[in-house]
Amino acid sequence: MTRKKFVTKPQSVVSTSWDDGAPLDCELSRLLNKHKVQATFYVPWKPDNYDRIDDNELKKLARHFEIGAHTLTHPDLTAVPLREAKREILGGKNELSALLNQEVEVFCYPRGKYTREIVSLVKESGFIGARTIECFRVLRPVDFYRLWATVPANPYSFWKAIGSIARSSFFANLAGISMVVKNVRKSWIDLATAYFDYVRKNGGIFHLFGHSWEIERFGLWDELDEVLAYIAAHDNVMYLTNGELIRTLKAN
Ligand SMILES: [Zn+2]
């Protein structure tokens, strides 16, 4: 009798997140809906220097996607007193939760700036995790309050990528280094699809992140459409919001 061989393939996950709550998030949500790719939108309550998506559009967005907090006014949290940072972090959560009539569970550090004290404030405020702007990783995060990403949806700079990798633990990110080196001189699409192929084959988390205003500024709508088409609708790939990703990882 031949014994059945069980091969458990490592799980592959796709998550995307989009920061700043610009009005163009509506456009972005249409594209994500078209490809059925899940996302978390990190929205500041009243950003200081631009108009965010209006409340009604934000409520519509929340029907299909997760909304995460991004402070009240989008300050550099490391540049304000801790008491002010706490007001910004908790205030953003409370205002959004009240507007959407649901608990806002995830947070994103404005401009990717945080310290150990800021991380503690985020934990104390009741969030289940927080995203940074560290990227070029596909491994399970070591800390849910320092959630990293894989590829930023913007024109790809080799040296920026190497800089981002160098700031992290070099040896923990050998896959990231070889991926960036192999794709030197190619576009962000090549890097994104190469990372996705890697995750599909080996398991891991492919986390695309960006800003709708940046997609517009650099004229990347068609390219984003192409990347989403590439990563969407695969069997055996889980498509999760950032919050779902954190809950799934915590349960495993
Ligand atoms: Zn931001």
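The figures follow:
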read-out	value
Residue 209 long-range amide H proximity, modeled H, under 5 Å	17, 150, 151, 153
Residue-wise HN-Hα coupling along region 131-137, computed from phi with Karplus coefficients 6.51, -1.76, 1.60 (Hz; x: Gly, Pro)	9, 9, 10, 5, 9, 6, 10
Ordering of 125-135, 108-118 by packing [mean C-beta count within 10 Å, highest first]	125-135, 108-118
Segment residue 236-residue 35, length gained on full extension (0.36 nm per residue, minus Cα span)	70.8 nm
For region 12-251, projected area of the alpha-carbon convex hull averaged over all directions, nm²	12.1 nm²
Phi-based couplings in Hz for region 114-120 (Karplus 6.51, -1.76, 1.60; Gly and Pro marked x)	7, 10, 4, 5, 5, 4, 4
Convex hull of Cα atoms in region 10-115, direction-averaged projection (nm²)	7.6 nm²
Cα-Cα over 30 Å, subset of 36/93; 86/250; 60/123; 36/59; 59/113; 34/123	34/123
DSSP bridge orientation in region 2-130 - percent antiparallel, rounded to nearest 5	0 percent
Percent of beta bridges antiparallel (DSSP, region 12-251, rounded to nearest 5)	0 percent
HN-Hα J in Hz across region 104-112 - Karplus 6.51, -1.76, 1.60, θ = phi - 60°, x for Gly and Pro	8, 9, 10, 9, 9, 6, x, 6, x
5 angstrom amide H check on residue 42, placed H, neighbours 5+ away	18, 19, 20, 21, 68
Efficiency of FRET from Cβ geometry, residue 201 and residue 87, R₀ 41 Å, rounded to 0.05	0.35
Simple Cβ-charge dipole of region 12-251, Lys/Arg +1 and Asp/Glu -1, about Cα centre, in debye nearest 20	820 debye
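Every number here is computed from the coordinates shown, using simple stated rules; none is lab data. All values derive from a computational prediction rather than experimental measurement. Virtual Cβ from ideal backbone geometry, glycine too; neighbours counted across all protein chains shown.
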